[in-house]
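A short worksheet on the structure shown next.
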Amino acid sequence: MSAGNIARHRNYGDIIERHERDQKWKRMFRVFIYFLIVAFLSIILVIVVRWEKRKQVKAVAQSNLVTYSAFPPGLL
Amino acid sequence: MTEVEIREEYQLVELAKKNSKAFGTLYEKYFDRIFNYIYRQTDDEDLTADLCSQTFLNALNNLNRFEFRGLPLSAWFYRIAANEVNKHYRKKKTDRVFSIEEVRVKELMDQGHEGWDEELVKQLLGFLKELPTEMLEVLELRFFEDKDFKEIAFILDITESGAKMRTYRALDRLRKQFNLSIKYDGKK
């Protein structure tokens, strides 16, 4: 194939443009992944905090129950 | 290619990693060769232009992953191009094409032997058509692109001994077919 014919297909500008577009998408994808990770960790944190709170409430309720059942009325 | 030239190219790559505009020099240098390499495997100008663009785009996108292995940068471009061609044929599920220009074969023949006539060149082209793809790939890189076995192995993702074996097998067939005594790499 002649050099002139090949030269017709040179399109460096187009390649740079596509490269920049690809890089932009890559950056956006990376930001999206970071966002997902942060969102996931936040959800886990909220779940753990709620679970801890519920556990504390349960423990308090249980300790009250133990106090009353250990000393039934009329025993002392 | 000398060690110094290879190092110079790697410096250009390092520059291009920081500023993609610097990739232009490498693009200008290798575009024709990569285009011809792909064209011989597709025989379609527009398709070749697409695959060639994709090759350079992939190279530019993955420039950060590129590492020095003592091979010329062109080997990396050829490897990406070979992968693009393979991907195209896998996707289209069509038969692979190998287009070898008669003129190029004559040129090669004239370098080594003077007694090659039109008829023999035609027979040789016929013989090449019958060769399996993997042998043609190696022969193409060895004789049309003038690559050494280390580069061929890297481009086709095979071992160096595998590349040598394929070449010698193809040449053995050629010897038997044409009843020739070809001297190649010290072997007769």
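The values are calculated or read from the model by the stated rules, or taken from the named source; none is laboratory data. Not measured: the values here are computed from a predicted model. Positions of Cβ are backbone-derived with ideal geometry, glycine not excepted, and every protein chain shown enters the neighbour counts. Keep in mind that these areas ignore ligands, DNA and RNA; they rest on the heavy atoms of the full protein, side chains included. Shrake-Rupley method; radii C 1.70, N 1.55, O 1.52, S 1.80 Å.
What the table below lists for this structure:
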{"quantity": "Inter-chain Cβ neighbour average for residues A:4-16, partner chain, 10 Å", "calculated": "6"}
{"quantity": "Rounded to whole Hz, the Karplus (6.51, -1.76, 1.60) HN-Hα couplings of the stretch A:30-38, x for glycine and proline", "calculated": "5, 4, 4, 5, 4, 4, 4, 4, 4"}
{"quantity": "Proximal aspartates and glutamates relative to B:Lys92, as straight alpha-carbon distance under 18 Å, when same-chain residues fewer than 8 apart are discounted", "calculated": "B:Asp43, B:Asp44, B:Glu45, B:Asp46, B:Asp50, B:Glu84"}
{"quantity": "Aspartates and glutamates with Cα under 18 Å of B:Lys17, excluding same-chain neighbours fewer than 8 positions away", "calculated": "A:Glu17, A:Glu20, A:Asp22, B:Glu8, B:Glu9, B:Glu28, B:Glu67"}
{"quantity": "Extension reserve of the B:Glu8-B:Glu145 stretch, reckoned as 0.36 nm per residue once the Cα distance is removed", "calculated": "47.2 nm"}
{"quantity": "Simple spin-label estimate for A:Glu20 and A:Arg8 in nanometres, 7 Å along Cα-Cβ", "calculated": "2.8 nm"}
{"quantity": "Listed pairs B:Lys87/B:Lys129; B:Lys29/B:Lys147; B:Lys129/B:Lys164; B:Lys91/B:Lys176; B:Lys29/B:Lys87; B:Lys29/B:Lys129 exceeding 27 Å between Cα atoms", "calculated": "B:Lys91/B:Lys176; B:Lys29/B:Lys129"}
{"quantity": "Bins of 10 Å, starting at 0 and running to the largest distance - Cα pair percent for chain B", "calculated": "8, 33, 34, 19, 5, 0"}
{"quantity": "Pairwise label distance in nanometres, B:Asp157 with B:Lys176, each label 7 Å out on the Cα-Cβ vector", "calculated": "3.1 nm"}
{"quantity": "Cβ-derived FRET efficiency at R0 35 Å, B:Ser99 paired with B:Lys18, nearest 0.05", "calculated": "0.35"}
{"quantity": "Rounded to the nearest 20 debye, dipole of the stretch B:3-92 from Cβ charges on Lys, Arg, Asp, Glu", "calculated": "440 debye"}
{"quantity": "Helix-derived mean residue ellipticity, 222 nm - over the protein assembly as shown, DSSP H n ≥ 4, -39500 (n - 2.57), to 500", "calculated": "-25000 deg cm²/dmol"}
{"quantity": "All-pairs alpha carbon distance profile, the protein assembly as shown, 10 Å steps from 0, percent", "calculated": "6, 21, 25, 17, 8, 5, 5, 4, 4, 3, 1, 1, 0"}
{"quantity": "Dipole magnitude of chain B, debye to nearest 20 (Cβ charges: Lys/Arg +1, Asp/Glu -1, about Cα centre)", "calculated": "840 debye"}
{"quantity": "Sorted largest first, extent of the stretch B:1-103 alpha carbons per principal axis (Å)", "calculated": "39, 30, 22"}
{"quantity": "Dipole of the protein assembly as shown [Lys/Arg +1, Asp/Glu -1 at C-beta], most positive-end residue of B:Leu131, B:Ala163, B:Leu15", "calculated": "B:Leu15"}
{"quantity": "Solvent-accessible surface (1.4 angstrom probe) belonging to A:Val46, in square angstrom, nearest 10", "calculated": "80 Å²"}
{"quantity": "3J(HN,Hα) from dihedral phi, the stretch B:135-143, Karplus parametrisation 6.51/-1.76/1.60, rounded to Hz, x for glycine, proline", "calculated": "6, 4, 4, 5, 4, 4, 5, 6, 9"}
{"quantity": "Sites excluded, GluC sites (Glu not before Pro) in DSSP loops with at most 14 other C-beta within 10 Å, longest stretch of chain B", "calculated": "B:115-188"}
{"quantity": "Computed magnitude of the charge dipole of the protein assembly as shown (debye, nearest 20; Cβ of K, R +1, Cβ of D, E -1)", "calculated": "2060 debye"}
{"quantity": "Helix axis angle, B:23-42 relative to chain B longest principal axis, alpha carbon, degrees", "calculated": "30 degrees"}
